[in-house]
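Working notes, beginning with the structure itself.
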Protein chains: 2
Amino acid sequence: MNKHAIFHQAKSHLSYAYDHHTLHVLLQTSKEDDLLISLIHGDPFEWKDIDGRFSWVHHVDVMEKRYTDDLYTHYFISIKPFHKRVKYAFLIQHHQKTYLYGTQGIKEIMDGVLFKTYDLSHYFNFPYLNHEDVMESPSWSKNMVWYQIFPDRFYTDHPKVDWSIETVHNDLQMGGDLKGITSKIPYLKDLGVEGVYFTPIFHASSMHKYDTIDYHLIDPQFGTNEDFKLLVETCHKHGIKVMLDGVFNHCGFLHPMFQDVVKHGTHSIYKDCFFIHEFPVVDFELNAHGKPKRYPNRKNRYETFGFTPMMPKWNTSHPLVEDYLLDVVTYWIKHYDIDGWRLDVSNEVSHDFLRKLRMAARDVKKDTFILGENWDSSLPWLLGDQMDAVMNYDLSVPLWKFLEHQSDIHTFKHDMNRYLARTPKHVIDAMFNLVCSHDTIRIKKRLDDDARRMKIAYLLMFIQAGSPNIYYGDEMGMTGFHDPDNRRPMIWDPKRQDADMFSFMKTLIHLKKTLPLMSIPDLSIDVSNDLLIMKKQDMNQSLVIYVNYQAQPLKYIPDFKDLEILIDSGDLKHPYSFLLGVKHETNHS
Amino acid sequence: MNKHAIFHQAKSHLSYAYDHHTLHVLLQTSKEDDLLISLIHGDPFEWKDIDGRFSWVHHVDVMEKRYTDDLYTHYFISIKPFHKRVKYAFLIQHHQKTYLYGTQGIKEIMDGVLFKTYDLSHYFNFPYLNHEDVMESPSWSKNMVWYQIFPDRFYTDHPKVDWSIETVHNDLQMGGDLKGITSKIPYLKDLGVEGVYFTPIFHASSMHKYDTIDYHLIDPQFGTNEDFKLLVETCHKHGIKVMLDGVFNHCGFLHPMFQDVVKHGTHSIYKDCFFIHEFPVVDFELNAHGKPKRYPNRKNRYETFGFTPMMPKWNTSHPLVEDYLLDVVTYWIKHYDIDGWRLDVSNEVSHDFLRKLRMAARDVKKDTFILGENWDSSLPWLLGDQMDAVMNYDLSVPLWKFLEHQSDIHTFKHDMNRYLARTPKHVIDAMFNLVCSHDTIRIKKRLDDDARRMKIAYLLMFIQAGSPNIYYGDEMGMTGFHDPDNRRPMIWDPKRQDADMFSFMKTLIHLKKTLPLMSIPDLSIDVSNDLLIMKKQDMNQSLVIYVNYQAQPLKYIPDFKDLEILIDSGDLKHPYSFLLGVKHETNHS
């Protein structure tokens, strides 16, 4: 037995309150070892006299072998401690020997001696399932369908340039506006969208608007605050939620508070609202557009996002900043009834400010959704006190690697199991799943502009627990390299639209909404004769997905008897083809 | 190489902001493997053209092999990222091969290929060292000397029973009071005490006062609120901090809010201030002292501490409870100028309430110290948003096991290294270290009433980073089994006092205050000829501790040349003897 592989930690992704009655416990072990694992658990205070001996009242339950990756197998169990308190340890059976694994390490149990002593100081502790500590995302945010709009490039009745161009850059203002978007809400409703995420729309210098000048004003290029009010009302009328992009890590260089520091230096009352290392604040000249003439890389006299002088970092611990930004957070909820905030560069914002932001937002609207832009493992942000979910690149990366043929089927299986073992079930449902965004290459371009492979990417995302996002235009088969090419104008010309892709996406959305199996977290992954076979199941039925993930045609096709086919790409023998169906059966779990 | 043993996690005990300029990074590996580990790290946004190639600007620094326990060796490094952002991974050299360990696992580097690609999505991320997220305990709370008083049993001019009794029980009220304690503050000052922790003193039914009736009133048995004011003033005059015991997990059965629920049931406005499962609330009769006639074990109709019907658990998420308890927290700081709160059963109190408690306390007194009663690994509580420290049983347990001869010298060494690897350096300094308390057997009794071994226990605690606590009377050689025997009256009779122990304790305290080496975290542990040798060092000197930890006399004694002996037990050859000294030298680190 590889003792070094055995790992558990209380209050982590391996031990969390699923709800205030239920504790999920996982144990990491080496995949090479053939083990039988049980959880020994009980209330720390429940003792009774058994045969003249003061004994701990406990339960022993066998854990389920659940996730295997390249190195580890994770065992899983869900328990409901009656008094909400649990002390627990792991009983490991291996080659006729039994070990107890607890906080002091792994000890062999000789003739049941350890069993009888019950020294609970060796046990892991989940002290209390307090209901207010349970990480709970708004119920509406779970397993819903998002659509991401980049406002300058979606729609307008008054385009400033030819809307059919295919080459764009970030200094190009195309003229997309909120009125235009509002007129297209019925289009989104028809597609089946349930929520729209807008990249920034507040007054800012750049086209992308990530350098805010006025957090209370809709950028005049996009319209007026009244236009936005109408947009939200229209969305809500169509049952669509609205999420804005909150850029609270930094502001724009031209923000009046920063400009005050630029002008008045150490005399500015705002000088500590930023992190200024040296006065005067700037040693570079600006051009007519308010941008630096030269790029002062790594020599900024103040802290910034990246090394961008246009984006000075807020000191969110300063009372003026805190009050100001929290007012912004509540202003758009109170006066415009928005439903969520996506927080830009949220991993660089202090946890402290994120906690205050959550409280402020929830105080005005109890089910406000807080989404973080965290690209890495994000559990320290998902403890219930900060965010409800993150942009789930932890899922995107294994999908990308597999579909780009950077990882083989076995690696993909391991990657997916690692993802599932590390993503607790109470956070997975509200995750913002995505295959591309304004920050990445478009999925179609990533997959060599092959619409068939792009469909597989969306299919594999839609069958995961969480909320899939459609990056505007993907449903029409849009393509594009990295920024700025991924921000081309939305295709409205029917001749250039991919009607087949639209219909495929519509079907996927419909299935996500109507088939609960699409949203359960666990799935099995197998391969047979070069065919990827994924399965999810509950008590009554199984969801089965077959994918020919290779460029070659298949020789062998499985038997689809008893399978109700819900979506397919045509003949499964073709390269990059797929099929999704449901089997009605009684599963015993 | 045992790949399964290799483990790291960002934002954990293996990766934390030591201060807002410094990141500490640790890597777990198997102790069996002979590895060379380096950290490859850099700013995620710092790229430049090197020989026509867009390359990531990074540093490679060798990590130090630091802590070895029974299974693992932990490597350590401290870095100061200039822009406060770090992406990092580990370069592992083993048998002429080099591996990169990152978020996607361990990959062999072939001909430096991975090195050249810099796919930062494989790197761990510490996104930003935000100053307000740094876990920072009040500076006064670090490496100071605490003294714990159990108020009924410390001192009074008017004892209710014979103060020399050696048999006590928890229903016995001895009459210790605040005036008595106040008169003994000069005694504590003389001993060298810097802070006093009082177990509860608010109005309650029991002798131990953990079942509060009135959180704003000093228990009449102990005196008046005015008496307490004088006590605090006296302490402060003598440079001694005051910490009260905050019992916020539960109140007493006789608390008016709970009594209102008992009386009015579902009509009580306080019915949701507790967790009532069934009305009427009680199905048991009370005796004349307000205690249940029979003990309704595990059948309470409401949630309690343990299964104690006398201690109904507060629903701290209820606004009435939150306002009430936070008012208590600030009341004693504002009006009586206390310096800290020790939180009873803090691990069962919600994280949510603990965050609010911290904010409320810090708002009225910036350097209020918040100490948790957590018996287990407590990092989820020590993230900077909840507590400053915990009662450090993580240190007590290895000391107990070793001195009770339950673990041998090698196990002790491993246990101490595991403790040091798991206890980040930014939290260790304020830890409340203890060898016994009102909740455990007294250290002297634990060690068979052997004063020599008891001295070794205190010595080994005092040389650790953190704040050692003296449980009242230990300095006079008091003994006692578990509760209630550990709560005997303080020995004031000079004939029964252990003057030698007092002088030993006074010397230890003096050394803790004057010798900075006593407070650095790392120490080396070795054994030579049955002699335990511990060392701590800085650039200028070494602290050396020798302990004969066995019942047998030693045959071999080392050479003490160049050692300035600061404290010793007499001849080191004797069983259970010890010596602590300082060597002045230039150490190269």
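The values are calculated or read from the model by the stated rules, or taken from the named source; none is laboratory data. Given the structure is predicted, the values throughout are model-derived calculations rather than measurements. As a convention, Cβ positions derive from the backbone with ideal geometry for all residues, glycine included, and neighbour counts pool all protein chains shown. Note: areas computed on protein heavy atoms with side chains; ligands, DNA, RNA excluded. Shrake-Rupley method; radii C 1.70, N 1.55, O 1.52, S 1.80 Å.
In order along region A:4-10, the phi-based Karplus estimate (6.51 cos²θ - 1.76 cosθ + 1.60, θ = phi - 60°) of 3J(HN,Hα) comes to 5, 7, 7, 8, 8, 8, 5 Hz; Gly and Pro are listed as x. With Rh defined as the Kirkwood radius, the inverse of the mean 1/r over Cα pairs, the Rg/Rh of region A:1-151 is 1.07.
Under 5 Å from the amide H of A:Y72 lie the amide H atoms of A:K31, each residue being 5 or more positions distant or on a separate chain, with H modelled from the backbone and absent for Pro and chain starts.
Efficiency by 1/(1 + (r/R0)^6): what FRET value for B:S503 and B:D449, r their Cβ-Cβ distance, R0 = 25 Å, to the nearest 0.05? Mind dumping the intermediate values first?
Numbers: r = 19 Å, r/R0 = 0.77.
Between B:S503 and B:D449 the formula returns 0.80.
Name the GluC sites (Glu not before Pro) in region B:134-238 that are in a loop by DSSP and that have at most 13 other C-beta atoms within 10 Å, would you?
Values: sites: B:E136, B:E166, B:E194, B:E226, B:E233; in loops: B:E136, B:E166, B:E194.
Here the sparse-neighbourhood loop sites are B:E166.
Largest first, the three principal axis extents of the alpha carbons in region A:70-154 are 71, 37, 19 Å in whole numbers. Distances, shortest first, from the label point of A:K107 to those at the same position in the other copies read 4.2 nm; the point lies 7 Å along Cα to C-beta.
Take the protein assembly as shown with all the other protein chains still there, run a 1.4 Å probe, and you get 38 Å² of accessible area per residue.
Going toward the positive end of the dipole of region A:1-100, with +1 on Lys and Arg Cβ and -1 on Asp and Glu Cβ, which of A:A5, A:I79, A:G42 do you reach last? Comparing the listed Cα positions along the dipole, A:G42 ranks first.
Judged by the mean number of other Cβ atoms found within 10 Å, the most tightly packed of the peptides A:204-211, B:303-310 leads the ranking A:204-211, B:303-310. Each of A:D448, A:D19 has its accessible area taken with a 1.4 Å probe; listed largest first, they run A:D448, A:D19.
For region A:311-350, the convex hull drawn through the C-alpha positions has a volume of 80 cubic angstrom per residue. The fraction of accessible area contributed by carbon and sulfur in region B:53-127 is 54 percent, rounded to a whole number (1.4 Å probe; ligands and nucleic acids excluded). Tell me the total accessible area that B and A bury against each other, 1.4 angstrom probe, in square angstrom rounded to 100. Buried: approximately 5200 Å² between A and B. Inter-label distance, A:T514 to A:I165: 4.3 nm, where each label sits 7 Å from its Cα along the C-beta direction.
Amide H contacts for A:V242 (H built 1.01 Å from N in the peptide plane; partners 5 or more residues away or on another chain; cut-off under 5 Å): A:V196, A:D339, A:G340.
Volume per residue, Å³, of the convex hull around the alpha-carbon atoms of region B:205-330?
Per-residue hull volume (Cα only) is 117 Å³.
Using a probe of 1.4 Å, the accessible surface attributed to B:Y302 totals some 10 Å² when neighbouring protein chains are kept in position. In order along region A:377-393, the Karplus-derived 3J(HN,Hα) couplings, from 6.51 cos²θ - 1.76 cosθ + 1.60 at θ = phi - 60°, round to 3, 10, 4, x, 9, 10, 9, x, 10, 10, 10, 8, 6, 10, 5, 8, 5 Hz, and Gly and Pro are given as x. Grouping the Cα pair distances of region A:280-404 into 5 Å bins from zero gives a pair-distance distribution of 2, 10, 16, 16, 15, 14, 12, 10, 5, 1, 0 percent in increasing distance order.
Axis of helix A:451-462 versus longest Cα principal axis of chain A: the two differ by about 60°, to the nearest ten degrees. Using alpha carbons only, the radius of gyration of the protein assembly as shown set against its Kirkwood radius gives Rg/Rh = 0.98. Under a model in which nothing but the beta-carbon of Lys, Arg (+1) and Asp, Glu (-1) is charged, region B:132-232 shows a dipole of about 280 debye around its Cα centre.
Under the rule a/c < 1.5 gives rounded, and otherwise a/b versus b/c splits prolate from oblate, where does region A:110-196 land using the Cα gyration tensor? Prolate is the answer for region A:110-196, as a/c is 1.5 or above and a/b outweighs b/c. Counting only Cβ charges, +1 for Lys and Arg and -1 for Asp and Glu, the dipole size of the protein assembly as shown around its Cα centre is about 420 debye. Pairs exceeding 19 Å between alpha-carbon atoms, taken from B:K142/B:K365; B:K401/B:K535; A:K229/A:K513; A:K3/A:K31; B:K535/B:K583: B:K401/B:K535; A:K229/A:K513. Computed from Cα positions, the angle between helix A:499-514 and the longest principal axis of chain A comes to roughly 50 degrees. Looking at the protein assembly as shown, the DSSP beta bridges with both ends there are about 75 percent antiparallel. Each semi-axis of the equivalent ellipsoid for chain A is √(5λ) with λ an eigenvalue of the Cα gyration tensor; in descending order they amount to 45, 33, 21 Å.
What percentage of the solvent-accessible surface of region B:388-471, computed with a 1.4 Å probe over protein heavy atoms, is contributed by carbon and sulfur atoms? It would help to have the intermediate numbers written out before the result.
Working: 750 of 1770 Å².
C and S fraction of accessible area: 42 percent.
Amide H to amide H distances under 5 Å link A:Y302 with A:H277, where only residues 5 or more positions off or on other chains count and H is placed in the peptide plane.
Residue-wise HN-Hα couplings along region B:429-442, as the Karplus relation 6.51 cos²θ - 1.76 cosθ + 1.60 with θ = phi - 60° gives them from phi, are 5, 9, 4, 8, 7, 8, 10, 6, 7, 5, 9, 10, 4, 5 Hz; Gly and Pro carry x. Of the trypsin sites (Lys or Arg not before Pro) found in region A:473-567, those that fall in a DSSP loop while having at most 10 other beta-carbon atoms within 10 Å are A:K495, A:K555, A:K561.
Applying both filters, DSSP loop and at most 13 other Cβ atoms within 10 Å, to the chymotrypsin sites (Phe, Trp or Tyr not before Pro) of region A:524-589 gives A:Y556.
Ranked from largest, the principal axis spans of the Cα set of region A:493-576 equal 44, 33, 22 Å. In this view, the solvent-accessible surface of B:H131, computed with a 1.4 Å probe and all protein chains in place, comes to about 70 Å². Assuming a viscosity of 1.002 mPa s and a temperature of 20 °C, what translational diffusion coefficient in µm² per second does Stokes-Einstein assign to region A:228-269, Rh being the Kirkwood radius over Cα pairs? Reported coefficient: 162 µm²/s. For the rotation carrying A onto B, the chain A residue whose Cβ lies nearest the axis, with the distance in whole Å, reads A:H4, 3. Using only Cα atoms and rounding to the nearest 10 degrees, what angle (0 to 90) does helix A:225-237 make with the longest principal axis of chain A? Between helix and principal axis, roughly 40 degrees. What does a probe at A:M110 reach in region B:386-416, counting residues whose amide N is under 17 Å from the point 7 Å along Cα→Cβ? Answer for region B:386-416: B:405-409, B:411.
Consider a paramagnetic label point 7 Å from the Cα of B:R496 along Cα→Cβ; state which residues of region B:189-208 have an amide N under 15 Å from it. Answer for this model: none.
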